[in-house]
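What follows is one structure encoded as structure tokens, with my remarks underneath.
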Amino acid sequence: MFSLARVMANLTTPPAWTRVINSSLDPDGTGDNAYKCIFDEDFKYVLLPVSYGIVCVVGLFLNLLALYAFIFRIKTWNASTTYMFNLAVSDTLYVVSLPLLVYYYAMGDNWPFSVGLCKIVRFLFYTNLYCSILFLLCISIHRFLGICFPLKSLQWGHVRYARRVSVIVWVVTVVCQSPVLFFVTTSVKRDTITCHDTSSKELFGEFVIYSSVMLVLLFCIPFLIIIVCYCLMARRLLQPTRGISRLSRSKKKSVKMIIIVLVVFIVCFLPFHVTRTLYYSFRSWDLSCQTLNAINLAYKDNDL
């Protein structure tokens with residue numbers, strides 16, 4: 001169950017422009033051009049509250065409906081059902097945190113709540129993000145075994161194994177994202193409290209290293225495995241059956257579903273990781289404020 005927020009984010013591209021201020025406003029003399037620029041982000045004080053509000057209402061309704069169906073309507077669970085249930089739980093935990101962000105951005109990036117709540121909101125975002133990726137990886141491997149190795153799938157595709165794998169996914173994700181609770185903090189500037197989605201300026205270098213490790217472990221490797229699994233599944237389904245020269249309707253439907261899943265996965269997760277990597281990398285380079293603003297806009301847009 002994909003998070004609606006990520007899909008909506010990648011369909012939104014609002015305009016923005018940059019104002020450059022004098023380099024004397026960089027008192028630490030770090031030369032970090034990102035701190036010499038003011039990004040005109042007025043667009044997000046309307047876009048984000050509206051987007052998050054819609055996602056919160058629609059997402060909460062759909063996920064609660066899905067959870068109700070899983071718990072009360074589905075009598076016999078299989079591996080896929082188990083993974084989909086955990087996806088719905090992950091998305092629900094994220095959606096219930098959105099009202100705080102709606103208020104935060106509606107107030108112009110002014111966080112009136114505690115530092116702890118700021119940490120929890122950012123932690124829930126990254127936990128949902130990588131739980132979704134890992135559970136989609138589990139579903140992909142399960143389908144791959146069912147199509148390419150049907151006999152092995154009878155054992156490894158049992159619901160008992162799926163429950164154990166789900167517990168492992170939750171533990172791994174929570175442990176890997178726990179440093180977010182350390183890095184994320186708030187800062188006060190001109191009577192405005194900012195809830196950072198990265199870290200303080202002093203810890204930004206360490207945060208980039210941590211994020212790079214998470215990028216490789218929790219996105220790049222699962223992404224490659226998912227692509228390989230679906231490519232091998234498509235290859236297997238496209239192989240003609242003995243005595244039958246044309247593909248059956250069910251096989252054609254399965255191939256179309258594989259394409260759709262890959263496209264949705266790419267739309268939901270790839271833009272965020274690409275723009276975030278660029279944003280983190282270019283912040284330490286001596287780039288123009290116009291370039292930094294474009295990168296910042298793309299990053300914030302995909303942070304939905």
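The values are calculated or read from the model by the stated rules, or taken from the named source; none is laboratory data. Quick caveat, the model's predicted, so the values are computed rather than measured. As a convention, Cβ positions derive from the backbone with ideal geometry for all residues, glycine included, and neighbour counts pool all protein chains shown.
Computed quantities for the displayed model
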read-out	value
Any hit, region 185-201, residues being in a helix (DSSP H, G or I), under 22 Å from the mean Cα position of the chain (by Cα) and on the phi < 0 side of the Ramachandran plot	no
Boolean, Gly146 is of a type in the set (Gly, Ala, Ser) and buried (at least 19 other Cβ atoms within 10 Å of the Cβ)	no
Lone qualifier among Cys268, Cys176, Cys231, Cys195 - being surrounded by 13 or more Cβ atoms within 10 Å (Cβ to Cβ), of a type outside the set (S, T, N, Q) and in contact with a Cys (Cβ under 9 Å, 6 or more places away or on another chain)	Cys195
Region 90-130 - residue that is among the β-branched types (Val, Ile, Thr) and surrounded by 20 or more Cβ atoms within 10 Å (Cβ to Cβ) and, of those, nearest to His196 (Cα to Cα)	Val121
Subset of region 66-79 (residues that are closer than 24 Å to Arg143 by Cβ and either touching a Leu at 6+ places or on another chain (Cβ under 7 Å) or not charged (D, E, K, R) (or both))	Ala66, Leu67, Ala69, Phe70, Ile71, Ile74, Thr76, Trp77, Asn78, Ala79
Extreme residue, nearest to Leu98 (Cα to Cα), among residues of region 54-87 that are part of a helix (DSSP H, G or I), aliphatic (A, V, I, L, M) and free of Cβ contacts under 8 Å to residues at least 24 places away in the same chain	Val57
Contacts under 6 angstrom Cβ, first residue in region 150-176 being over 18 Å from Met84 (Cα atoms), partner assigned to a helix (DSSP H, G or I), 6 or more apart	Lys152/Leu145
Flag for Leu215 being modelled with pLDDT of 85 or more and of a type outside the set (Gly, Ala, Ser)	yes
Pairs, first of a type outside the set (Val, Ile, Thr) in region 120-133, second outside any helix (DSSP H, G or I) and crowded, with 23+ Cβ neighbours inside 10 Å, C-beta under 6 Å, six or more apart	Arg122/Val184
Lone qualifier among Lys189, Lys201 - being without any contact (Cβ under 8 Å) to a residue 60 or more places away in the chain and more than 23 Å from Ala88 (Cα to Cα)	Lys189
Residue match in region 122-129 (condition: farther than 26 Å from Met107 by Cα and of a type outside the set (D, E, K, R))	no
